[in-house]
Amino acid sequence: MSEYIRHDPSGRSAGLVEKKYFTFAEPPDEMVLDSGRRLGPITIAYETLRTLNADKSNVVLVFHALTGDSHVAGYYSENDEKPGWWDNMVGPGKGIDTDKYFVICSNVLGGCMGSTGPASINPATGKPYGLDFPMVTIGDMVRAQKALLDHLGVSRILSMTGGSMGGMQALQWCVQYPEMVVSAIPLATTMRHSALAIAFNEVARQAIIADPNWNNGNYYEGVQPNLGLSVARMIGHITYLSDEAMRRKFGRRLQERNNFSFNFNGDFQVESYLHYQGAKFVERFDANSFLYITKAADHFDLTRQKGQESAVEAFSRSYSRFMVISFTSDWLYPTYQSRAMVKAMKKNGLDVSFCEIEAEWGHDAFLLPNERLSNLIKGFIDSVYEGL
Amino acid sequence: MKDFNPRAMRYDLQIIASWIHPGSKVIGLGCGEGDLLYYLKHYKNVRETGVEIVESRVAECINKGLTVIQGDANEEVIDYPDDSFDYVVLSQTLQQVYDPLSLIRSMLRIGKKVIVSFPNFGHWFVRLQLLFTGHAPITPQLPFQWYNTPNIRVLCISDFRAFARQMGFHILKEATINTDREDKTGRYVALMPNIRATYGIYLISSKTKHANGPKYKAKAGTHKEHPWEKAM
């Protein structure tokens, strides 16, 4: 996911929020991961917005994508420069209306924004895990979120949504804890990565691995593999846009010059944009986390889990109401992939709505302010709430 | 529930609504902005699904709280198991379908009963226009020029009756109606409907289906009750 974080021009805001932490799975009760390995203690960073109602029926769970965090909306302090990553969607009167709903967003397991990940201290050695961190899956991330909800006393989720890898978590919830999920909104997502998506992730990972500073994941006491991580981010940004979006945004325009420089400094605006995004990213993200999380996304396959062999089978245990949304110019998770999950839901007699939104901004369209998307989400969640 | 006046619904939709049993499961193909489904959901406690190809109309339906899938009706019907619905509605769209026989067969497969309606090309006004002006007719029900009409099939009430007979569909109910210009009000036409009615509305079922039983009964086709529904 890219960053498009701006102050909401309407001035509506969820207000001040706080980054909270929950620690569980203390040894000897570590969490057993899908790989069979044990991990503990686990800390999950999370944020909650506004208030849980008396019968705990107004919970909306939001999942961030690859490089996001628990800071979904609002501000950490009065002078904060920018709000959370989905401030245009989450707030009073917005698509996810914090006047009505209690919103929870947590940083994924394996992440580097407060939750336990490869940069966390391994209690066995007293040093960062690095590559000793076990491989985690989308299912493990969901298991950790479930532990957090248990801690918060929430047993029923009115609705859950997320784009991209956030949507994978929503889908995983619906098959892993189906009885807890009243409704879900998978956005710009897929039941499994295509070869194209895996290919881009692998090139991004190889950029990190090829950086000598990566040092097999042992770089926490030395220089970070910033070159590799920034190239990985640049590759990601290409996949988040689209041919049309790039044509409109950059075309062949040159950056602060009228003629080619005839060297390799990067003359085009699109080059300058990618360099800038790469450089900005390394300030906030851990290279090993990037490796682990992209692998989790690549491994995700809703159609192949315990005892399941097809998408139709996968949803056979689900009871949730669904609204699936795709975007016309998304070439990372194209509409046919959303249609495939809608088809599987239909074959199970599930209550599913589907809308393909005309949008030119590629995969990133789900993050950008979009009245159509806000209205769809608002209309859907409100009708689920009224139907309780 | 948003403000909604059932009387403001198109007259043919009012008749279709009157045919649908409360509490049933209905799919509307080409459901537009969901007027009929919204009425059925709130006044007849129907479990609704719509299929609509235009994004803005799909969005309007979802804003109203309806379950709607954006897509082409011909393709979307394929995914549903047999007898998934009590009624499958195709309102004023039959004349726009490329392969009406195959679509009606699919509708009869996924639903126990099918409701179709279409503008009657045998209406006297249509006949007179062609006879006296020599031009392709343009009427309130068929307001298009030959070059921009979505109505690629022209059929009369008598054609549909013959079609049903030939293809083995069972006509359970027929309403031949004459509507005003905006189609908000109207009345039944019993005498010479093929000349006097502007629309034909039909409730049909498959003769063979109930004699032989459905090919297979998918367990998935039935309504699943969410565990929380029981609690509340």
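Coordinate-derived values only; no laboratory data. Because the structure is predicted, anything quoted here is derived from the model rather than measured. Counting neighbours? That spans all protein chains shown, and the Cβs are built from the backbone with ideal geometry, glycine included.
Roughly how many debye, to the nearest 20, is the charge dipole of the range B:75-179 about its Cα centre, given +1 on each Lys and Arg Cβ, -1 on each Asp and Glu Cβ, and no other charges?
Numbers: 9 positive and 9 negative charges, 94 e Å.
That gives a dipole near 460 debye.
So what is Rg over Rh here for the range A:281-337, counting just Cα atoms and using Kirkwood for Rh?
Checking Rg against Rh, the ratio lands at 1.08.
Regarding the range B:59-182, what's the average projected area of the Cα-atom convex hull, expressed in nm²?
Mean orientational projected area (the range B:59-182, Cα hull): 9.4 nm².
In whole Hz, with x marking every Gly and Pro, tabulate ³J(HN,Hα) for the range A:10-21 from phi via Karplus 6.51 cos²θ - 1.76 cosθ + 1.60, θ = phi - 60°.
6, x, 6, 8, 6, x, 7, 10, 10, 7, 10, 10
What are the semi-axes of the equivalent ellipsoid of the range A:76-160, taken as the square roots of 5 times the eigenvalues of the Cα gyration tensor, listed largest first and rounded to whole Å?
30, 18, 11
Does the range A:210-323 come out rounded, prolate or oblate, given a ≥ b ≥ c as the square roots of the eigenvalues of its C-alpha gyration tensor, rounded meaning a/c under 1.5 and, failing that, prolate meaning a/b above b/c? Don't jump to the answer; show the numbers that get you there.
Working: a/c = 3.61, a/b = 1.56, b/c = 2.32.
Cα axes put the range A:210-323 in the oblate bin.
So who's got an amide H within less than 5 Å of the one on A:N122, skipping anything under 5 residues away but keeping other chains? H placed 1.01 Å off N, in plane.
Here the answer is A:K127, A:Y129, since their amide H atoms fall under 5 Å of that of A:N122.
Distance between Cα centroids, the range B:3-58 to the range A:52-69: provide it in whole Å.
33
Of A:M234, A:Q224, A:I208, which is farthest along the charge dipole of the range A:188-284 in the positive direction, counting Lys and Arg as +1 and Asp and Glu as -1 at C-beta?
A:M234
Please compute the Kirkwood hydrodynamic radius over the range A:1-43, one decimal place, Å, based on all pairs of different Cα atoms.
Computed over the range A:1-43, the radius equals 14.1 Å.
Restricting things to alpha carbons, tell me how big the range B:1-135 is in terms of Rg and Dmax, in Å.
15.9, 50
Could you point to the residue in B:Q96, A:L368, A:V32 farthest towards the positive end of the protein assembly as shown's charge dipole, with +1 and -1 charges on the Cβ of Lys/Arg and Asp/Glu respectively?
The residue sitting farthest along the positive end of the dipole is B:Q96.
I need the semi-axes of the equivalent ellipsoid of the range A:94-242: take the C-alpha gyration tensor, multiply each eigenvalue by 5, square-root it, list largest first in whole angstrom.
Semi-axis lengths for the range A:94-242 are 31, 21, 14 Å.
Here is the link list: A:K346/A:K378; A:K100/A:K378; B:K25/B:K113; A:K56/A:K378; A:K56/A:K347; A:K347/B:K113. Which ones come out longer than 21 Å on Cα distance?
A:K346/A:K378; A:K56/A:K347
Given the rule -39500 (n - 2.57) for each run of at least 4 DSSP H residues, summed and divided by the residues of chain A, what is its mean residue ellipticity at 222 nm, to the nearest 500 deg cm²/dmol?
-10000 deg cm²/dmol
Which of B:D83, A:D69, B:D159 has the fewest other C-beta atoms within 10 Å, and how do the rest follow up to the most? Each step should come with its number before you reach the end.
Details: B:D83 20, A:D69 23, B:D159 17.
In increasing order of surrounding Cβ atoms, one gets B:D159, B:D83, A:D69.
Output ³J(HN,Hα) for the range A:368-373: one whole-Hz value per residue in order, computed from phi by the Karplus curve 6.51 cos²θ - 1.76 cosθ + 1.60 with θ = phi - 60°, and x for Gly and Pro.
Once θ is set to phi - 60°, the couplings for the range A:368-373 become 7, x, 8, 4, 4, 5 Hz.
Among B:L203, A:G15, A:P128, whose Cα projects farthest towards the positive end of the dipole of the protein assembly as shown, with charges put on the beta-carbon of Lys, Arg (+1) and Asp, Glu (-1)?
My answer, from the dipole projection, is B:L203.
What whole-number volume per residue, in cubic angstrom, does the convex hull of the C-alpha atoms of chain B give?
Per residue, the Cα convex hull of chain B comes to 137 Å³.
To the nearest Å, what is the center-to-center distance of the range B:149-169 and the range A:182-209, using C-alpha atoms only?
49
Within 12 Å, Cβ to Cβ, of A:M341, how many net charges do the neighbouring residues add up to if Lys/Arg are +1 and Asp/Glu are -1?
Working: positive: A:R192, A:R339, A:K343, A:K346, A:K347; negative: B:D79.
That sum, taken over residues with Cβ under 12 Å, equals +4.
Using Cα pairs closer than 8 Å and at least 6 residues apart in sequence, work out the relative contact order for the range B:37-128, in percent.
Worked out over the range B:37-128, it gives 23 percent.
Greater than 28 Å separation of Cα atoms is the criterion. Which listed pairs, A:K20/A:K82; A:K127/A:K295; A:K94/A:K295; A:K19/A:K295; A:K295/B:K64; A:K249/A:K280, meet it?
Among A:K20/A:K82; A:K127/A:K295; A:K94/A:K295; A:K19/A:K295; A:K295/B:K64; A:K249/A:K280, the Cα-Cα distance tops 28 Å for A:K94/A:K295; A:K295/B:K64.
Quick check on the range A:278-388: take the gyration tensor over C-alpha atoms, sort the square-rooted eigenvalues as a ≥ b ≥ c, and tell me if it's rounded (a/c under 1.5), prolate or oblate.
Oblate, because a/c is 1.5 or more while a/b does not exceed b/c.
Quote the charge dipole size of chain B about the Cα centre in Debye, to the nearest 20; the model charges only the Cβ of Lys and Arg (+1) and of Asp and Glu (-1).
In total the dipole reaches around 860 debye.
For Cα pairs less than 8 Å apart in space and 6+ apart in sequence, what is the mean separation divided by the residue count of chain A, i.e. the relative contact order in percent?
18
Roughly how big is chain A's charge dipole about its Cα centre, with Cβ charges of +1 (Lys, Arg) and -1 (Asp, Glu), in debye to the nearest 20?
For chain A, the charge dipole is close to 540 debye.
Report ³J(HN,Hα) in whole Hz for each residue of the range B:195-201, in order, from the Karplus equation J = 6.51 cos²θ - 1.76 cosθ + 1.60 where θ = phi - 60°; Gly and Pro get x.
Computed from phi, the couplings for the range B:195-201 are 9, 9, 8, 8, 9, x, 10 Hz.
So what is the relative contact order for the range A:309-358, in percent, with contacts set as C-alpha pairs under 8 Å and at least six apart?
50 percent.
Could you please state, rounded to a whole Å, how far the C-alpha centre of the range B:171-198 is from the C-alpha centre of the range A:156-173?
Using only Cα atoms to place each centre, the spacing works out to 49 Å.
What does the C-alpha gyration tensor say about the overall shape of the range A:1-120? Classify as rounded when a/c is under 1.5, otherwise prolate if a/b is larger than b/c, or oblate.
The shape class here is prolate.
Within a 10 angstrom radius of the beta carbon, how do A:R253, A:R12 rank from fewest other beta carbons to most? Before the final figure, lay out each step's value.
On the way: A:R253 11, A:R12 15.
Lowest count first: A:R253, A:R12.
So what are the protein assembly as shown's ellipsoid semi-axes, whole angstrom, largest first, if each one is the square root of 5 times an eigenvalue of the alpha-carbon gyration tensor? Write down the numbers at each step before the final one.
On the way: eigenvalues 535, 153, 95 Å².
The answer is 52, 28, 22 Å, longest axis first.
Taking only the alpha carbons of the range A:324-388, what extent do you get along each of the three principal axes, in Å, biggest first?
35, 27, 13
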